[in-house]
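In what follows, a single structure is set out as structure tokens and then discussed.
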Amino acid sequence: MARFINPLFVNSSIDANIVDHVAAETWKPIRLILELYRANKIQLIIPHSVHTELLRTTTPAEVRAAAQDFICTMPVGLTVGEVKERDHLLKLAKGNAELKNIVSDLLHVAEAAKYGGYFITLDKRLLKRESAISDVMGIEVITPEGFIERVDEAQEMMANRAL
């Protein structure tokens, strides 16, 4: 990780697989993230492409309902520079994956990068490619547990500065 992104000062985007857990609120890291969000200590958003996935009729009703608690970004195009970054990242991150399987995931990350510093996900393909994604797009792809660790680190840093 090249730099520390303070999660208290940036938007953090959530993937569809996180909203599944938000609907249930049974997993401790998700409960902690929701507590921080509801206390206005962090900002959570859903990228438009993720929101579109969540609106599918195959998505369980409770998950669609849980998604309504978050700000969703508007559909935006990528700039010429962002298209170049995305294409470069596709080459770096493809690995053995089928291109069609990683393109939509990287679109979520590219949209999230426009709005903030973290993309919280459980997607193993994205997490495995976090270093390349961070280097190219400047956003950290992170698990819910990792995100809580960053929040704790940020709060500790701020407490130490106050002393």
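Values in this text are rule-based calculations from the coordinates and carry no lab data. Please read these numbers as outputs of a predicted model, since none were measured by experiment. Positions of Cβ are backbone-derived with ideal geometry, glycine not excepted, and every protein chain shown enters the neighbour counts.
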What is the dipole size for segment 1-159, taken about its Cα centre, with +1 at each Lys and Arg Cβ and -1 at each Asp and Glu Cβ, in debye to the nearest 20?
-> 340
Selection from L32, T52, A66, by position along the positive dipole direction of segment 25-90 (Cβ) = L32
Say R0 is 25 Å: what FRET efficiency, to the nearest 0.05, do V103 and R3 get from their beta-carbon distance?
-> 0.40
Return the whole-Å distance between the Cα centroid of segment 29-66 and the Cα centroid of segment 138-163.
-> 20
Ordered by packing density, taken as the mean number of other Cβ atoms within 10 Å over each peptide's residues, highest first, how do 50-60, 115-125 rank?
-> 115-125, 50-60
Counting only residues 5 or more places away or on other chains, whose amide H sits under 5 Å from the amide H of L44 once H atoms are built in the peptide plane?
-> S12
In Hz, Karplus ³J(HN,Hα) per residue of segment 144-156 (6.51, -1.76, 1.60; θ = phi - 60°; x = Gly, Pro) | x, 5, x, 5, 4, 4, 5, 4, 4, 4, 5, 5, 5
Under-5 Å amide H pairs with Y118, H placed in peptide plane, nonlocal only | S13, E140
Of V83, P144, H21, farthest towards positive along the dipole that unit charges on Lys, Arg, Asp, Glu beta carbons give the chain = V83
Cα-based Rg of the chain per 2.2 N^0.38 Å, rounded to two decimals?
-> 1.03
In order through segment 52-59: 3J(HN,Hα) via Karplus (6.51 cos²θ - 1.76 cosθ + 1.60), integer Hz, x for Gly, Pro | 4, 4, 5, 7, 4, 5, 7, 6
